[in-house]
Amino acid sequence: MLVESAEIAVISEKSVFEGGLDTPGILTILGSFTGSIKSGTLEIGKDGKAFGNVEAESVTIAGYFEGEIVCYGLLTIAKTGTVRGRVAYGSLSVELGGLLDAEFFHLESMDKKLIPFHPQKVKTKKYKKKSSKK
């Protein structure tokens, strides 16, 4: 009997990660992630938060996501999940209580070269320190 082992990466509850991840396996975010993800399966736990760009075969969000998602298979937003931004999906499931606040559309082609979003420069906010006048 042949058993394949799946790659599993976990960002734990108290962890904060910034950067890019590319994994053919499963990525589970229980903490905080900012950056780009390319994954076979992405799972964001109830207390997990992710900000950035995602390209994955399947995505399940029970926590918070803000950014752009390209999900070629099933995108599931759990009853505790929130998605804000832009979303392209193969199939979509939003549980009662889940929030999808996004520009979204159905991918009619499984051609992975067709990424529907154009890269944009990340805008950063600049804050000025207020001077104290006496």
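In segment 106-124, is there at least one residue being more than 24 Å from Val16 (Cβ to Cβ), modelled with pLDDT under 95, touching a Pro at 6+ places or on another chain (Cβ under 8 Å) and assigned to a strand (DSSP E or B)?
no
Would you check which residues across segment 1-34 are surrounded by 15 or more Cβ atoms within 10 Å (Cβ to Cβ) and under 23 Å from Gly90 (Cα atoms) and list them?
Scanning segment 1-34 gives Leu21, Thr23, Ile26, Leu27, Thr28, Ile29.
Only one of Gly35, Gly25, Gly67 is of a type outside the set (Ser, Thr, Tyr), under 25 Å from Val10 (Cβ atoms) and modelled with pLDDT under 95; which?
Checking each option against the conditions leaves just Gly25.
If I filter segment 90-105 for residues that are touching a residue at least 60 places away in the same chain (Cβ under 8 Å), in contact with a Ser or Thr (Cβ under 8 Å, 6 or more places away or on another chain) and of a type outside the set (Gly, Ala, Ser), do I get at least one hit?
no
Being aliphatic (A, V, I, L, M), surrounded by fewer than 23 Cβ atoms within 10 Å (Cβ to Cβ) and under 21 Å from Ala6 (Cα atoms) is the filter here; which residues of segment 38-73 pass it? Walk me through how you get there before you give the answer.
Taking segment 38-73 and keeping what is aliphatic (A, V, I, L, M), we get 42, 44, 50, 54, 56, 59, 61-62, 69-70.
Pick out the ones that are also surrounded by fewer than 23 Cβ atoms within 10 Å (Cβ to Cβ) and you get 56, 62, 70.
Scanning segment 38-73 gives a single hit, Ala56.
Identify, by number, the condition in (1) in contact with a strand residue (DSSP E or B) (Cβ under 8 Å, 6 or more places away or on another chain); (2) at pLDDT 95 or above; (3) among the acidic types (Asp, Glu) that Glu13 doesn't meet.
Here Glu13 meets the rest and fails (1).
Could you give every pair whose Cβ atoms fall below 8 Å, whose first residue belongs to segment 1-24 and is closer than 16 Å to Ser39 by Cβ, and whose second residue is part of a loop (DSSP other than H, G, I, E, B) and modelled with pLDDT of 95 or more, counting only separations of at least 6 or pairs across chains?
Listed pairs, sorted by first residue: Val10/Leu30; Ile11/Leu30; Ile11/Gly31; Ile11/Gly48; Phe17/Gly31.
I'm checking my understanding of the structure. Among residues of segment 74-98 that are over 14 Å from the mean Cα position of the chain (by Cα) and surrounded by 15 or more Cβ atoms within 10 Å (Cβ to Cβ), which one is farthest from Phe33 (Cα to Cα)?
Gly90
The values are calculated or read from the model by the stated rules, or taken from the named source; none is laboratory data. In this text, all values refer to a predicted model and were calculated from it rather than measured experimentally. Methodologically, a virtual Cβ is constructed for each residue, glycine included, from the backbone with ideal geometry; neighbour enumeration extends over all protein chains shown.
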